[in-house]
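A quick write-up on the structure given underneath.
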Amino acid sequence: MPTYLLVVPRWHPPLCNHWRGRHWSSAHKLRKQAVQLLGSYAMQQRVPQATGRRRLSVEIVLAPRQRQPDADAYDKLLLDSLVGAGLLVDDGARGLAGRVEVSFRRGAAGDWGCVLFLTDVEILKVQESATIMGA
């Protein structure tokens, strides 16, 4: 089962506090920006589109004086953005194996961002049966 590494320098997924309780367009705008950013970095780093379930681990590299938020503050909008970019099939049990693992570490002044580890768990049987039928 291959693991793909997606490094996004100088970017963190939007926190829940930045969009929850605000107008719906705030979340929509943040999600759209994240989809475009993750999609372009995935293309540059040759991370393939999801074809089945994936396990997701996120490492948030904090700037030297940045406070560490709760680990679950990144879940919702990050998962929606990964689905929008095609890096996950679905943000539920159909496309995600287990819970998102979030870890933190300190970086240098210019070395902060986000590292995503996407591990393929299984390929969807729908795709396999479509290949058999087409052959």
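Readers should treat all values here as calculations from the given coordinates under stated rules, not as data from a laboratory. Not measured: the values here are computed from a predicted model. Note that each Cβ is placed from the backbone with ideal geometry, even for glycine, and that neighbours are counted across all protein chains shown.
Observations on the structure shown:
- Filter pass, residue 8 being in contact with a strand residue (DSSP E or B) (Cβ under 6 Å, 6 or more places away or on another chain), among the β-branched types (Val, Ile, Thr) and crowded, with 16+ Cβ neighbours inside 10 Å: yes
- Any hit, region 42-60, residues being assigned to a helix (DSSP H, G or I) and either without any contact (Cβ under 8 Å) to a residue 40 or more places away in the chain or exposed (fewer than 12 other Cβ atoms within 10 Å of the Cβ) (or both): yes
- When residues of region 2-41 are limited to those that are outside any loop (DSSP other than H, G, I, E, B) and among the charged types (D, E, K, R), the one nearest to residue 102 (Cα to Cα): 31
- Inspection of region 19-29 identifies no residue that is buried (at least 19 other Cβ atoms within 10 Å of the Cβ), of a type outside the set (Ser, Thr, Tyr) and under 24 Å from residue 120 (Cβ atoms).
Here is a yes/no grid of residues against (1) farther than 15 Å from residue 11 by Cα; (2) surrounded by fewer than 16 Cβ atoms within 10 Å (Cβ to Cβ); (3) within 12 Å of the chain's Cα centre (by Cα); (4) basic (Lys, Arg):
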site: 66; (1), (2), (3), (4): no, yes, no, no
site: 77; (1), (2), (3), (4): no, no, yes, no
site: 81; (1), (2), (3), (4): no, no, yes, no
site: 88; (1), (2), (3), (4): yes, no, yes, no
site: 106; (1), (2), (3), (4): no, yes, no, yes
site: 112; (1), (2), (3), (4): no, no, no, no
